[in-house]
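One structure is given here, and the rest of the page talks about it.
The values are calculated or read from the model by the stated rules, or taken from the named source; none is laboratory data. Keep in mind that this is a model prediction, so the values were computed, not measured. Note that we place each Cβ from the backbone using ideal geometry, even for glycine, and neighbour counts take in every protein chain shown.
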Amino acid sequence: MTVVLAPQNATTHRPQVTQPLKAIAIGDSLVYGYGDLSGGGWAERLRRLWMHPDSSGNVLYNLGVRGDKTAQVAARFEAEFSSRGELRNRVPDVAIISVGTNDTPFLGRPDGKPMTPQNVFKHDLTLLLENATSCCRTIFIGMVPVVSERMPFLDCLYYDRAAQHAYKEITREMCRIRGVPYLDIFELWTARGTAWIERRIGPDGLHPNELGYQSLFDDIASWSPIVELTAAPA
């Protein structure tokens, strides 16, 4: 906690207390940290980093829900955001969003019906981004590439990198239009090669393993919008 002296006047001389920044990480199982037995996922690793005495002291709430699609995150955003008031009900300052993967699979077979058609996805994402940006500063963490050869997931969902690419491009462009910083994890990981990715995705082909979450955290923690939040106050 930082203490700053308020300006003096003739009658008072009181310290002004500034509170650490508060953030929510909201989205799907990638936020929840499913599959990371040692670190609890990238959001939990970031929460621990911010708690370090040499860091910012920021507060982070993990609001990841396994299986959530963009429509579900959009539907619960306002209630989740407004429920994190503390210290005289001050609401969060930042929303870190990561969602979209669960919108991309095909149902029943590799050429089946898409879980969320692209036009519906655009509508849902518009609602989410407009709601989030009207509440606070918003940043977006993109999806990790899946290993399609390990499909189907849950014996019925076929995730595919080509479909992922199309949905992440929609997300990237909609974030650009609204001035929302977007970390393109899909492109970062794809550039590192198939073997690199396969070592970091669990047996289900969808969720990162512990090594994958560490790599994901490293990418997120070194991204400039997060670095700015992490820096300890002078």
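Of all residues in region 91-105, which are assigned to a strand (DSSP E or B), touching a helix residue (DSSP H, G or I) at 6+ places or on another chain (Cβ under 7 Å) and of a type in the set (A, V, I, L, M, F, W, C)? Hits for region 91-105 are V94, A95, I97. For T116, the stated conditions hold: it is in a loop (DSSP other than H, G, I, E, B) and crowded, with 17+ Cβ neighbours inside 10 Å.
Condition check ((1) surrounded by 16 or more Cβ atoms within 10 Å (Cβ to Cβ); (2) farther than 30 Å from L21 by Cβ; (3) of a type outside the set (S, T, Y)) across all residues:
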residue: E130; (1), (2), (3): no, no, yes
residue: T138; (1), (2), (3): yes, no, no
residue: I141; (1), (2), (3): yes, no, yes
residue: P152; (1), (2), (3): yes, yes, yes
residue: Q164; (1), (2), (3): yes, yes, yes
residue: E169; (1), (2), (3): no, yes, yes
residue: R172; (1), (2), (3): yes, no, yes
residue: R178; (1), (2), (3): no, no, yes
residue: D204; (1), (2), (3): yes, yes, yes
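Residues being assigned to a loop (DSSP other than H, G, I, E, B) and under 22 Å from Q118 (Cβ atoms) are represented in region 167-186 by at least one member. The single condition from (1) within 20 Å of the chain's Cα centre (by Cα); (2) modelled with pLDDT under 95; (3) of a type in the set (G, A, S) that A10 fails is (1).
The residue of region 38-52 that is modelled with the highest pLDDT, among those that are surrounded by fewer than 17 Cβ atoms within 10 Å (Cβ to Cβ) and not in a loop (DSSP other than H, G, I, E, B), is R48. Return a yes/no flag: does region 119-136 have any residue that is modelled with pLDDT of 95 or more, of a type in the set (G, A, S), out of contact with any Phe, Trp or Tyr (no Cβ under 7 Å at 6 or more places or on another chain) and not in a strand (DSSP E or B). Looking for residues that are modelled with pLDDT of 95 or more, of a type in the set (G, A, S), out of contact with any Phe, Trp or Tyr (no Cβ under 7 Å at 6 or more places or on another chain) and not in a strand (DSSP E or B), one finds at least one in region 119-136, hence yes.
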